[in-house]
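Participant: The following block contains the structure, expressed as structure tokens.
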Amino acid sequence: MARRAAAATPPPPGDHPPRGHRSGKGGGGGQTKMRVLAWVSIGMTTVMVAGALTAYTAYRDAFGNINEKSVKEDILNPRPPDTGALNVLLVGSDTRAGEGNAKYGQQLARTADAGGKRTDTIILMHISPDRDKARLISFPRDSMVQIPRCKNEATKQEMAPRRDMINSAYNSGGIACTMTTIEQLTGIRVNHFVEVDFSGFKNIVDALGGIEICLKSGVNDKASKLVLPPGKSLLNGEKALGYVRLRHYGDGSDIQRIKRQQIFLSKVVAKATSSELLTDVGRLREFIAAAAGSVTMDPELANDTEQLIQIATSAREMTANGVQFTTVPWVPDPKDTNRVIWKEPDATELFTAIKTDTEEAKPTPAASASASAKPKVTVKPEQVKVQVLNGTKTPGRAAEVADMLAKQGFNVVGVGNYEAPDGQSLAKTAVHYAKPTDMATAGADTLAGSVLPKPAAEQGKVAAIGAQAYAATAGVAATGTTAKSTPVTQLVIGEDFDSVKVTKLPDSVQNSTITASEQKNVCT
């Protein structure tokens, strides 16, 4: 049986929720458990892998406590391609069932929902293809979205597509429906999933021997049933859950609460990966058993040591400052102010940034470079003048792609069309430059590296039909940093064109993003 926990997601920092928008009761468990699930999942896999590498035989039975659930056969819709990134869906499942969970809310009926479970927490943990950075994307539970056709997890009957709150995908269709909903809405491949519950979080903290926090002022909060003095306190699992769910403290803002949570959870990861724990065989075994028994994973993740190693290694490398927490940008739903819809085109640009986060080939240095070797010229997007030509039969593609390039900083100077010799749509996108100068080839490389799939760069310009100047859109003006002598590079759009890589995210995404490096101890 899967083990579960609950949470809700707050509005982006600086915004207020729509009138009536629920932010969670009983201590404001919303933003709280979003980050609990994310960091506990990272910390758990880190320590499990550490145990496997040092003494797998001694901990074999503890690893066997991982709950496994295969859902691939229940996903009915086509799946996006795998880009080499690692995307793990983190879900806090609130069944209110079981001795450890029942006291946090009313037990739900098991008829309409998938086994009587709900979720207020849906997070996508994205780890880059080269495993050097991570972003955790929270999907507000009250988001009104298009739910695709799914199987009801309890009855296995197919459910028709519908417009509904995003968390209803999990309530009725379970994790398989949630995975396919995220994939259909974002175009991002979900590689694995992890479910965590209330008692699971408490067990992990207790197995670590508690977590020490420091408060400027005391806490006496009836909603979370938490009483703490000013200064330092060692929190066991029960008090830790109350603390991370605490809402009415300080200025009561989500921003302050988020920072408290990140401090706490970074302490969880730090303690879980400390040498003190890893060298204590008894405590390590106890922790692995508690962590493993507190989650449900797909079998491919639970049994893939190499994949767990990648997550664990990434967690150790990124704990200090490489993890970003982001909420999908939203606005109130015009049809119902108690609900939200995703802000566009900002949300799509966020998803595109994840989809286009592909690993670049690392340059291989020469075995023996001479002192006179000429360094390779590299140019930034704003230094590249681009003419975009539509080589397909789809009207408006040149302007559409030009807008994408301009948003990512390229100096788009013109648009037009291209007619292939056979009169058919061009099959493959191509980059063309006039002369093989250092600046021309460097500009072509920069442009080609920003387009997916990556087009070939060819010498020799093509004839443009109906060429005209391009006016920068959405307030993106030409940078003025490009020298007049910089050659114009052509991007000729073919049928295979997918997207332009997104490296510059909109302000709404940046403003809702908090990095681990911003964490500071509140008592110092």
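Participant: Please list, ordered by chain and number, the residues whose modelled amide H lies under 5 Å from the amide H of ARG339; skip anything fewer than 5 residues away on the same chain.
Facilitator: It is ASP333, by chain and number.
Participant: For CYS150, what residues show an amide H to amide H distance below 5 Å, using hydrogens built from the backbone and excluding near sequence neighbours?
Facilitator: Distant-sequence amide H within range of CYS150: MET159.
Participant: Show me, for region 127-134, the HN-Hα J-couplings you get by feeding each phi into the Karplus relation (A = 6.51, B = -1.76, C = 1.60, θ = phi - 60°), rounded to Hz, glycine and proline as x.
Facilitator: Residue by residue, region 127-134 yields 10, 4, x, 8, 6, 10, 8, 9 Hz.
Participant: Check which residues have an amide H placed less than 5 Å from THR119's amide H, if you skip close sequence neighbours.
Facilitator: Under 5 Å from the amide H of THR119: ASP94, ASN171.
Participant: For region 126-149 and region 75-93, what is the centre-to-centre distance using only Cα atoms, to the nearest Å?
Facilitator: 9
Participant: May I ask you to order 165-173, 127-135, 218-226 by the average number of other C-beta atoms within 10 Å around their residues, highest value first?
Facilitator: Packing order, densest peptide first, comes out as 165-173, 127-135, 218-226.
Participant: I'd like the trypsin sites (Lys or Arg not before Pro) in region 375-429 restricted to DSSP loop residues with at most 15 other Cβ atoms within 10 Å, sorted by number.
Facilitator: When the trypsin sites (Lys or Arg not before Pro) of region 375-429 are filtered for loop state and at most 15 Cβ neighbours within 10 Å, LYS376, LYS393, LYS428 remain.
Participant: Among the listed pairs LYS343/LYS454; LYS385/LYS428; LYS202/LYS239; LYS428/LYS504; LYS407/LYS428; LYS435/LYS501, give every one whose C-alpha distance is greater than 18 Å. Present the calculation step by step, with values, prior to reporting the outcome.
Facilitator: Working: LYS343/LYS454 29 Å; LYS385/LYS428 21 Å; LYS202/LYS239 9 Å; LYS428/LYS504 26 Å; LYS407/LYS428 23 Å; LYS435/LYS501 26 Å.
The pairs that break the limit, which is 18 Å between Cα atoms, are LYS343/LYS454; LYS385/LYS428; LYS428/LYS504; LYS407/LYS428; LYS435/LYS501.
Participant: Could you order peptides 458-467, 235-244, 498-507, 81-90 by the average number of other Cβ atoms within 10 Å of their residues, highest first? Write down the numbers at each step before the final one.
Facilitator: On the way: 458-467: 13.3, 235-244: 21.8, 498-507: 16.7, 81-90: 19.3.
Output ranking for 458-467, 235-244, 498-507, 81-90: 235-244, 81-90, 498-507, 458-467.
Every number in this text was worked out from the coordinates using simple rules, so none of it is lab data. For clarity, every value in this text was computed on a predicted model and none was experimentally measured. As a convention, Cβ positions derive from the backbone with ideal geometry for all residues, glycine included, and neighbour counts pool all protein chains shown.
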